[in-house]
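First comes the structure, then the notes that go with it.
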Amino acid sequence: LEKNPDNIELHLIMGGLYLSIHENKKAIAEHKRVLALDPKNLMAHLYLAIAYAEEKRFDKSEETFKKMLKIDPENIMGIYYYGKVLLKMDRLQDAEKMFKKAISLNPYFEMALFDLTALYEKQEKLDKSVEVYRNYLELNPARINLRLKIGELLIKGKKYEEAEKEFQEFLKVDPDERNVRIALGILYFDMNRLDSAVAEFSRVLQ
C-alpha cells in the first residue's frame, strides 16, 4: 500500500483483516478509504457497516446499510447483515422484515432462515418458527435434521402428538439416528407411554 496507496483490492483485504482481529477503528479507516476511491463499492459499504456495528455505532452502521441498499436494493448480504444489526438494536420487527426479505430473494439462504427462527423463538412465537422450518423442508427435504428441531419446538409448545409425527418422519429416512431415538424416548416418557419409551431407549443401548 505504501507503493500503491490507491489500490482498492489491497485496502479491502486490509480492512477485512482488521475486522477479523477486531481492530474495528482501523477496519473503518480502510473501508472509508475504499469508498473515497469508489463510492459505490458494495463490499466496502458492507464491511464498514459491520465494523460500525462492532463499535456499537449503530446509527452510522444503519446509515451505511441504507446507502448500500440504495445502490443495490436486492443485495442479499446487505439485507441479511442489516437484519442482524437491527436485531442487536432490539428492533425485532425491522429485523424480521430484513430476514424475510433475504429469504424471499433466496429461499435456500439458511443463515437468514436460522436467524429468523431464533428471533421467533426469542419472542415465544414457536408456531412461526415451526412454519419457517416446514416451508424450508418442502424446498429442501434432504435437511431432515431440521425435523429434530421442529419436534423440540412442538414439545415446547406441548404439541406432543405432532412432535411424535416429526420424529417418526425423521426415522423413516434414518432409523438409527440415536439423537432422535433418545428425543422420542423422552417424549414417550413425558407422555407416560412407558413401554414405548423403554423400547426406544433399549434400541439406542443396543
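The values are calculated or read from the model by the stated rules, or taken from the named source; none is laboratory data. As the structure is a prediction and not an experimental result, all values here were calculated from the model. Quick reminder, even Gly has a Cβ in these numbers, built from the backbone with ideal geometry, and neighbours come from all protein chains shown. Each accessible area value is taken on the protein alone, full model and side chains, heavy atoms only, with ligands, DNA and RNA left out. Shrake-Rupley method; radii C 1.70, N 1.55, O 1.52, S 1.80 Å.
Worth pointing out:
- Within the range 121-134, being open to solvent by 60 Å² or more (accessible area, probe 1.4 Å) and over 18 Å from ALA163 (Cβ atoms) holds for one residue alone: LYS122.
- Considering GLY78, GLY83, the condition of being open to solvent by less than 30 Å² (accessible area, probe 1.4 Å), in a helix (DSSP H, G or I) and in contact with a Leu (Cβ under 6 Å, 6 or more places away or on another chain) is satisfied by GLY78 alone.
- Residue in the range 139-147 that is more than 23 Å from the chain's Cα centre (by Cα) and farther than 19 Å from PHE99 by Cα present: no
- Of all residues in the range 72-116, those that are without any contact (Cβ under 8 Å) to a residue 24 or more places away in the chain and among the polar types (S, T, N, Q) total 2.
Residue-wise test of (1) under 18 Å from MET68 (Cβ atoms); (2) at pLDDT below 95; (3) part of a helix (DSSP H, G or I).
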| site | (1), (2), (3) |
| --- | --- |
| ASN4 | no, yes, no |
| GLY16 | yes, no, yes |
| LYS26 | no, no, yes |
| ALA36 | yes, no, yes |
| ALA44 | yes, no, yes |
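- Any chance LYS60 is open to solvent by less than 80 Å² (accessible area, probe 1.4 Å) and either part of a helix (DSSP H, G or I) or farther than 19 Å from ASN24 by Cα (or both): yes
- Among (1) more than 22 Å from ASN75 (Cβ to Cβ); (2) surrounded by fewer than 13 Cβ atoms within 10 Å (Cβ to Cβ), the one test that SER20 misses: (1)
- Flag if SER129 is among the polar types (S, T, N, Q), within 18 Å of the chain's Cα centre (by Cα) and assigned to a helix (DSSP H, G or I): yes
- Unmet criterion (only one of (1) crowded, with 16+ Cβ neighbours inside 10 Å; (2) under 24 Å from the mean Cα position of the chain (by Cα); (3) not small (Gly, Ala, Ser)) for LYS70: (1)
- Residue within the range 30-40 that is crowded, with 20+ Cβ neighbours inside 10 Å, over 17 Å from TYR81 (Cβ atoms) and among the acidic types (Asp, Glu) present: yes
- Pairs, first within 19 Å of ASN135 (Cα to Cα) in the range 150-166, second among the acidic types (Asp, Glu) and part of a helix (DSSP H, G or I), C-beta under 6 Å, six or more apart: ILE150/GLU166; GLY151/GLU166; LEU154/GLU162
- Matching residues, the range 86-120, being closer than 19 Å to GLU62 by Cα, assigned to a helix (DSSP H, G or I) and either basic (Lys, Arg) or open to solvent by 10 Å² or more (accessible area, probe 1.4 Å) (or both): LEU87, LYS88, LEU92, GLN93, ASP94, GLU96, LYS97, MET98, LYS100, LYS101, ASP115
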